[in-house]
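Below is one structure, written out as structure tokens, with a few remarks after it.
The values are calculated or read from the model by the stated rules, or taken from the named source; none is laboratory data. It should be emphasised that the depicted structure is a prediction, and the values quoted were computed from it without experimental measurement. With ideal geometry, Cβ positions are generated from the backbone for all residues, glycine too; neighbour counts draw on all protein chains shown.
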Amino acid sequence: MTSQSKSQSNSSFNRRFFLAGAAAGSAMLPVAAHAVPKKRGIYADAKTSLQDKVADFSYQNDLLAQLIVDMWTTPSVYNDLIMPPSDYSGRSTRAQTALALRGIYLAWPIVITEDEYEDGFSLLEAGIPTDTGVVLVVPRKTRATPGKPLLETAKMLMAVTPNGI
């Protein structure tokens, strides 16, 4: 083996060793005993078990993006889609009306906040039929830069927020 190939070999070995050490070092960080990851998302069953997760996906639509902007900018008009928190039947009826005005006709739509999504929203607990319920998540307004045009921002957040409207 030439000195150049030996040097390259050592360099490769050292890089692998460094990367392996970094990975091993990160695995050795202190972790709370028996830490259970928080279950986030939308579930068909009650929050006590949270087993049957509903698919997370994104759908982009200009009218839905405008609805997000409207909810951010005129909450006095649109907060009824997400308030009061536990009035899911009323929220579904109001969501159905708001979506129908935009040409979207769903049997059991429900609009929830990102906080509700992160807490593990349950269709069953909300009284929404799990076979026909459609959950839409409003992205947090704090993700947008204040004072800037919001429509394109809302479209982007629809793409990155699971089930974002």
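Need the failing condition index for residue 76 against (1) outside any loop (DSSP other than H, G, I, E, B); (2) surrounded by 14 or more Cβ atoms within 10 Å (Cβ to Cβ), just the number.
Unmet condition: (2).
Can you pull out the helices (runs of 4 or more DSSP H) entirely within region 82-156 that have at least 1 residues that are exposed (fewer than 14 other Cβ atoms within 10 Å of the Cβ)? Even if it seems obvious, please write down each step before you answer.
Working: elements: 88-100, 114-118, 123-126.
Fully inside region 82-156 and qualifying: 88-100, 114-118.
Pick from 106, 123, 150: which is at pLDDT 85 or above and in contact with a Pro (Cβ under 9 Å, 6 or more places away or on another chain)? Break it down into steps so the answer makes sense when it comes.
Working: 106 fails: in contact with a Pro (Cβ under 9 Å, 6 or more places away or on another chain); 150 fails: in contact with a Pro (Cβ under 9 Å, 6 or more places away or on another chain).
Testing whether each residue is at pLDDT 85 or above and in contact with a Pro (Cβ under 9 Å, 6 or more places away or on another chain) leaves just 123.
Please indicate, with yes or no, whether at least one residue in region 99-113 is touching a residue at least 12 places away in the same chain (Cβ under 8 Å) and of a type in the set (Gly, Ala, Ser).
yes
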